[in-house]
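Undergrad: Have a look at this one before I ask anything.
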Amino acid sequence: MDSILTKKGESDQDLLQLAAKIDGFEGYHSPHGQRIAAIADVMATHFNLASRDRFFLQQAALIHDIGEMSMNRDYIRAPRRLAENERLDLQRHPVIGEQEAAKLGLPRGTQLIIRWHHEWWNGLGYPDALESEEIPLAARILRVSDTYASLTAARPYRPAKTAVEAKQYLIEWAGIEFDPTIVIAFLAAAEKAKAEAQPARQAQTA
């Protein structure tokens, strides 16, 4: 992964290995954490996050669901929708993830992004019911990046959505779950990447 993460020390390889372990626990068949980190870093660059904050965001993106793995609940990988009691239990995972990140000695900035990656723009997220700009920008970026990557990956209880379907979901929930400014920036970045990739595809088929 081409990122500022590789500039921060030898322990980064351990973090990538941990990310792969979390991906395996959740049933992803490709590097899910790394994909989220890459998407998030594009957004972080767009919003001119400081180098330190980009670093925290990438660390958090890689292992944002470490709390789920620590909880080790069978229902997380079950091929069905969660029951209400299971859903409420799962809402503990950002706080547990924050605690696990602290045990690993990761920076406080990384810990807090993990804690707040399920906060919603309208204040109905968890664990702290933060609202709009009370949620740090990095956590808002991770919310969008994680959702898009998750929707476009197959899960035990549903097939992967297309990129078009996932983008439509972001649009429909902008201003509710997601910071609308970040959704707009994400969609613009996706269109730019698609346009830039078009000449390469045409050259390959020429």
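Undergrad: Can you confirm whether segment 79-94 contains a residue that is closer than 20 Å to Val183 by Cα and small (Gly, Ala, Ser)? Steps first, answer last, please.
TA: Here is the first cut: in segment 79-94, the ones closer than 20 Å to Val183 by Cα are none.
Checked against the condition, which is being closer than 20 Å to Val183 by Cα and small (Gly, Ala, Ser), segment 79-94 yields no hits at all.
Undergrad: Can you give me the number of residues within segment 150-178 that are among the aromatic types (Phe, Trp, Tyr) and part of a helix (DSSP H, G or I)? Before you say what the answer is, go through the steps one by one.
TA: Looking only at segment 150-178, we keep the residues that are among the aromatic types (Phe, Trp, Tyr), and these are 157, 169, 173, 178.
Of the ones still in play, those that are also part of a helix (DSSP H, G or I) are 169, 173.
Number of matching residues: 2.
Undergrad: Scan segment 137-166 for residues that are of a type in the set (Gly, Ala, Ser) and either under 21 Å from Leu112 (Cα atoms) or within 9 Å of the chain's Cα centre (by Cα) (or both) and jot them down. I'd like the intermediate steps shown before the answer.
TA: Here is the first cut: in segment 137-166, the residues of a type in the set (Gly, Ala, Ser) are 138-139, 145, 149-150, 153-154, 160, 163, 166.
Within segment 137-166, Ala138, Ala139, Ser145, Ala149, Ser150 meet the criteria.
Undergrad: Which pairs do you get when a residue that is surrounded by fewer than 14 Cβ atoms within 10 Å (Cβ to Cβ), found in segment 35-52, comes within reach of a residue that is at pLDDT 95 or above, reach meaning Cβ atoms under 8 angstrom, with the pair 6+ apart or on two chains?
TA: Correct list of pairs: Thr45/Arg54; Arg52/Gly109.
Undergrad: Take Thr147 and tell me if it is farther than 27 Å from Ser30 by Cβ and part of a helix (DSSP H, G or I). It would help to see each step written out before you state the result.
TA: Numbers: farther than 27 Å from Ser30 by Cβ: no; part of a helix (DSSP H, G or I): yes.
So Thr147 does not fit the description; no.
Undergrad: Where in segment 64-112 are there helices (runs of 4 or more DSSP H), lying fully within it, with 2 or more residues that are exposed (fewer than 15 other Cβ atoms within 10 Å of the Cβ), among the small types (Gly, Ala, Ser) and at pLDDT below 95? Break it down stepwise before answering.
TA: Details: elements: 66-71, 84-90, 93-103.
In segment 64-112, no matching helices (runs of 4 or more DSSP H) lie anywhere.
Undergrad: Tell me whether segment 115-122 contains one or more residues that are of a type outside the set (Val, Ile, Thr), in contact with a strand residue (DSSP E or B) (Cβ under 8 Å, 6 or more places away or on another chain) and buried (at least 24 other Cβ atoms within 10 Å of the Cβ).
TA: There is at least one residue in segment 115-122 that is of a type outside the set (Val, Ile, Thr), in contact with a strand residue (DSSP E or B) (Cβ under 8 Å, 6 or more places away or on another chain) and buried (at least 24 other Cβ atoms within 10 Å of the Cβ).
Undergrad: Looking at His46 and the list (1) modelled with pLDDT of 95 or more; (2) on the phi > 0 side of the Ramachandran plot, which single condition is not satisfied?
TA: (2)
The values are calculated or read from the model by the stated rules, or taken from the named source; none is laboratory data. If you're wondering where the values come from, they're calculated on a predicted model, not measured in any experiment. Reconstructed Cβ throughout: ideal geometry from the backbone, glycine too, with neighbour counts over all protein chains shown.
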